[in-house]
Amino acid sequence: MALLGLGALALGGCSRSIDIGLPTVSRAAVPARPAAPAAPAKVETASLGPAAGYGYLGRPELMYSSFTDSGFTLPAIPAGELKPKHLRRLVVDPTGEKPGTIVVHLRERHLYLVQENGDAIRYGVGIGKDGFVWSGRAVVDHTRKWPTWTPPSEMIERKPSLKKYAGGQPGGLDNPLGARALYIYKDGRDTLFRIHGTPEWRSIGKAASSGCVRMINQDVIDLYDRVKDKGKTPIVVVA
């Protein structure tokens, strides 16, 4: 598929398959990084076994507890109903990318935020369904708290009940973009793909979206807080 004219497409995103002209990054192309030293003492671990990595960044029931953010009260997420590998944790960085880079492994359903000293923070994610995935390199151009979601016209055609949101659905607990959105650009143009929260936390670990990377709201807030003041954060998506 040729590179589409992104400027002519609706900015709602997360609704269609788009070839954004990014070079595919294979796992074999990612350089290995030596094993990092033992986890810092400040990290509270809840070990799942020797192969599990360092450990959770806090107790799961606290990481995913209810709290109020910008006037919206996020419901608690029952962490025990998620696979342990999809809970936020500190791990040895497997990507070889520079600190500050976001790396999404579609096959693994993981997003990594690369840290200093060979570490990475790993989050579980939901990804696009077959025909709605992409891979390559881009940047997070900007971020939004409780973003407005605007369904593109073709999505409204498929689901007429969304017509009421043609002018945009305000941010809120039932908004498909969740509590935060990170907007992905390539060469200064909006790709229409996002990393965003979701009220559908049970979709984490599944191929369920229309191309965007979904995160638990508590996790996307954590990621947002770590990158919001970092400028154009590089992102690598590996198929």
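The values are calculated or read from the model by the stated rules, or taken from the named source; none is laboratory data. In this text, all values refer to a predicted model and were calculated from it rather than measured experimentally. Ligands, DNA and RNA are excluded from the accessible area calculation, which covers all protein heavy atoms including side chains. Shrake-Rupley method; radii C 1.70, N 1.55, O 1.52, S 1.80 Å.
Annotations for the structure displayed:
- Relative contact order [Cα under 8 Å, 6+ residues apart], the range 55-237, whole percent: 24
- Reference-scaled alpha-carbon Rg (2.2 N^0.38 Å with N residues) for the range 55-237: 0.99
- The residues of the range 55-237 have, on average, 42 Å² of accessible surface per residue, using a 1.4 Å probe with all protein chains present.
- Legend: residue pairs Lys83/Lys206; Lys98/Lys145; Lys145/Lys228, Cα-Cα distance threshold 19 Å; pairs beyond threshold, Lys98/Lys145.
- Solvent-accessible area of Trp146 with every protein chain in place, 1.4 Å probe, in Å² to the nearest 10: 30
- Amide hydrogen neighbours beyond the local backbone of Gly55, cut-off 5 Å, H modeled: Leu90
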